[in-house]
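The values are calculated or read from the model by the stated rules, or taken from the named source; none is laboratory data. Nothing here was measured: the structure is a model prediction, and the numbers come from that model. Because the Cβ atoms are built from the backbone with ideal geometry, glycine has one as well, and the counts that use them run over all protein chains shown.
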Amino acid sequence: MRKLTPELLDHLPHDDPGAVRSRRDLARINRFMGNNSWIIRSVGKSPSHITEIGAGDGILLSKLSKLHPGAQINAYDLAPKPADLLKKANWHRGDILTQTPPEQGGVLIANLFLHHFTDEQLRVFTPWLQGFDTILINEPLRAKLPQLLAKAALPFIHSITRHDMRVSIEAGFIPGEIPLLLGLKDMGFELQETTTWSGSIRIIAKQSPI
Ligand SMILES: C[S@@+](CC[C@H](N)C(=O)[O-])C[C@H]1O[C@@H](n2cnc3c(N)ncnc32)[C@H](O)[C@@H]1O
């Protein structure tokens, strides 16, 4: 069963020194797990619109906007728009559950984001998802090996990251859970779901051709 515990990073001011350190750890964790490179590879050739929910520091979107200069970029997060990244992005600050999705579809990305929400909250994400052609999801795999790897990383990461990494895995997912909770198959998406040894569960959802 998923266990949800509030993450410390979500409740700290954006410029708190601990939050800054923990976001740096997160960037290293994304690199170690190969998350951003998997998303970059999976985005496709020339998307017209790219939207990321829970965009954090905007590092991934910044890379994608350089690789796809013609794409319109939308970002959603509780955090403010990063000052030096993503000048051309439409940044929507606030709780995702109170925001409306962009009108045009394109690619939607959720990287280490959906595990913040309860099963009930995930079930109300449907209006968010149905307009997109492709949805790329990368979340923590709820399993023993990722918990062991997280323990091995403890000496190298900030105390906030130590807490948040453990609770993220406890709130993570096992295969089959995300499509069911989000109702992806009912919305007509074709799904590919994979897991990695380093603790990711990954989904590529594409609208079936009519
Ligand atoms: C674990 S971080 C991941 C950030 C980024 N995707 C990455 O991989 O570096 C989760 C992000 O979700 C954002 N977040 C959490 N709850 C949110 C909510 N209800 N609405 C919008 N953003 C939220 C946080 O501010 C944070 O930036």
Output for the stretch 92-132, where each listed residue is part of a helix (DSSP H, G or I), near the ligand (Cβ under 9 Å from one of its atoms) and over 22 Å from residue 36 (Cβ atoms) | 97, 98, 121
Could you tell me whether any residue of the stretch 40-49 is of a type outside the set (Lys, Arg) and touching a helix residue (DSSP H, G or I) at 6+ places or on another chain (Cβ under 6 Å)?
-> no
Out of 164, 133, sole residue that is touching an Asp or Glu at 6+ places or on another chain (Cβ under 6 Å) and either buried (at least 16 other Cβ atoms within 10 Å of the Cβ) or modelled with pLDDT of 95 or more (or both) = 164
Between a first residue in the stretch 169-185 that is exposed (fewer than 15 other Cβ atoms within 10 Å of the Cβ) and basic (Lys, Arg) and a second residue that is assigned to a helix (DSSP H, G or I) and modelled with pLDDT of 95 or more, which pairs have beta carbons less than 9 Å apart while being 6 or more apart in sequence or on different chains?
-> 185/179
Keeping to the stretch 1-57, report how many residues are in a loop (DSSP other than H, G, I, E, B), in contact with a strand residue (DSSP E or B) (Cβ under 8 Å, 6 or more places away or on another chain) and more than 13 Å from the ligand (Cβ to nearest atom).
-> 5
